[in-house]
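The values are calculated or read from the model by the stated rules, or taken from the named source; none is laboratory data. Values in this document were obtained by computation on a predicted structure and should not be read as measured data. As a convention, Cβ positions derive from the backbone with ideal geometry for all residues, glycine included, and neighbour counts pool all protein chains shown. The accessibility values were calculated without ligands, DNA or RNA, using every heavy atom of the protein model including side chains. Shrake-Rupley method; radii C 1.70, N 1.55, O 1.52, S 1.80 Å.
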Amino acid sequence: MMTYEQDAKTLHLPWPFTGREDELELVRRSIAAGRPGIVVTGPAGVGKTRLVTEAVRGTDCVRTAGSPESRDIPFAAFAHLLPESVTLHRALKVLSGVRLLLVDDAHWLDDASAALVHQLAVHGRTRLVVVATDGAPAPGAVSRLWTGELLPRLALRPLPPQETAQLAAAGAGRPLEPLTVRRLHGLCRGDLRLLRDLLGAVREDGLLTRVPGTDEWAWRGPVPVTPAV
C-alpha cells in the first residue's frame, strides 16, 4: 500500500487570509466528497494559490506543481509521486489512492503530466484542484479540463477596493486611511504579491505616518524602489 505525505510547500504567509469568503466556500464545496473538484484561473499575483491553499488546509491533500524549467521532462510534476520509469496507464494506477490532488501552476505542466491530470479528471476517482494563470499558454489537456466541462471553473478577479483595504490593514498591522488604500489599490491593480512587497517596503522605509486625531495611518511619500517592487 502506498502512502503520500502532504507537500511542505503549503504557504505560511505572514498575512492572514482576508476576503474571498464566497470564493473560498465555492472551492471547499467543489472538493467535498462526491464532487469532481475545480479549476481556478486568474491573472498572475491575484491570489489563486493562496485561495486554494486555504481551501485545502486541514485535508489529506497531495500537492504538485508545474514549472517552466521542467516542461520538457515527462511526468516531471509528479516525479515525487511516481517511479522513475512509468507509462500513463501505470501512473494512473499508482495515483489511484489519491483522493484530493492540488495541481498548482498547471499552465507549466509537461505534456505527460497534463495528460495524467486530464485522465484523473476523466476517471473521476480523484478530486482535483487545478490552478492556472490567465494569458499563459497551457497544454491542451489542461485547458480541456474546463472547456470540455470536466471540471467547473472559477475565474478569480482582483480584490475590490474594500477587501484590498482589509488585506492591507491586516498586512500593515494598523488601519490605513482611504487615500492610502486607493493609492495602494491603484498601483498594484490586483497583484497581491506586489501589494505585500510594496506595503512591506513602505513600512521598512518608515513612510507610514499617523493621521493626527485618528487611529489611521497614511502613506504620502514616494514609491520605494526595491528589487521586489
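Summary of values
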{"quantity": "Filter result (in contact (Cβ under 8 Å) with a residue 40 or more places away in the chain and among the hydrophobic types (A, V, I, L, M, F, W, C)) within segment 115-135", "calculated": "L116, A121, L128, V129, V130, V131, A132"}
{"quantity": "Which numbered condition S113 misses (of (1) at pLDDT 95 or above; (2) open to solvent by 40 Å² or more (accessible area, probe 1.4 Å); (3) among the small types (G, A, S))", "calculated": "(2)"}
{"quantity": "Pair list, Cβ under 8 Å, 6 or more apart: segment 81-108 residue surrounded by 20 or more Cβ atoms within 10 Å (Cβ to Cβ) and among the acidic types (D, E), other residue in a helix (DSSP H, G or I) and at pLDDT below 95", "calculated": "D104/T49"}
{"quantity": "Any hit, segment 140-153, residues being in contact with a strand residue (DSSP E or B) (Cβ under 9 Å, 6 or more places away or on another chain), charged (D, E, K, R) and part of a loop (DSSP other than H, G, I, E, B)", "calculated": "no"}
{"quantity": "Flag if A168 is touching a residue at least 24 places away in the same chain (Cβ under 8 Å), of a type in the set (G, A, S) and farther than 22 Å from R29 by Cα", "calculated": "yes"}
{"quantity": "Unique residue being touching a Gly at 6+ places or on another chain (Cβ under 6 Å) and either open to solvent by less than 60 Å² (accessible area, probe 1.4 Å) or touching a residue at least 60 places away in the same chain (Cβ under 8 Å) (or both) when the list is P158, P152, P139", "calculated": "P158"}
{"quantity": "Leading residue by the ranking (least open to solvent (accessible area, probe 1.4 Å)) among those in segment 35-71 that are among the polar types (S, T, N, Q) and in contact (Cβ under 8 Å) with a residue 60 or more places away in the chain", "calculated": "T41"}
{"quantity": "Pick from segment 123-136, criterion buried (at least 18 other Cβ atoms within 10 Å of the Cβ) and over 27 Å from L195 (Cβ atoms), ranking: farthest from the chain's Cα centre (by Cα)", "calculated": "T126"}
{"quantity": "Qualifying positions in segment 52-99 - of a type in the set (K, R) and assigned to a helix (DSSP H, G or I)", "calculated": "R90, K93"}
